[in-house]
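Enquirer: Please read through the structure below; I'll follow up with questions.
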């Protein structure tokens, strides 16, 4: 009986592992001129941000429907939408390329 209990516990721990994103999500603002924003998510928990032609790689975490991008300056919170897109900074809609 104990053996089965440990197997169930192990499966639950694996099933509750950290969610990740994979791929490039990009979009642009409706400002004039438009601001192009691009995020390249890696399953390793890293994300490369491309904003104003400058690229930075930082860590990210998924917490429910929120993506917390950890930066030395301040964290950025994105929202995962049901259609698979991401609502980014300044309301920019990021779609997977």
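Enquirer: Take residue 57 and residue 93, extend 7 Å from each Cα along the Cα→Cβ direction, and tell me the distance between the two endpoints in nm.
Expert: It is 3.1 nm.
Enquirer: Once you place label points 7 Å from the Cα toward the Cβ at residue 22 and residue 48, how far apart are they in nm?
Expert: That separation, rounded to one decimal, is 1.7 nm.
Any read-out appearing in this document is the output of simple, stated calculations on the displayed coordinates, not a laboratory observation. The shown structure was predicted, so the numbers you read here are calculated from the model rather than taken from an experiment. Neighbour counts are summed over all protein chains in view; Cβ atoms, including those assigned to glycine, are modelled from backbone coordinates with ideal geometry.
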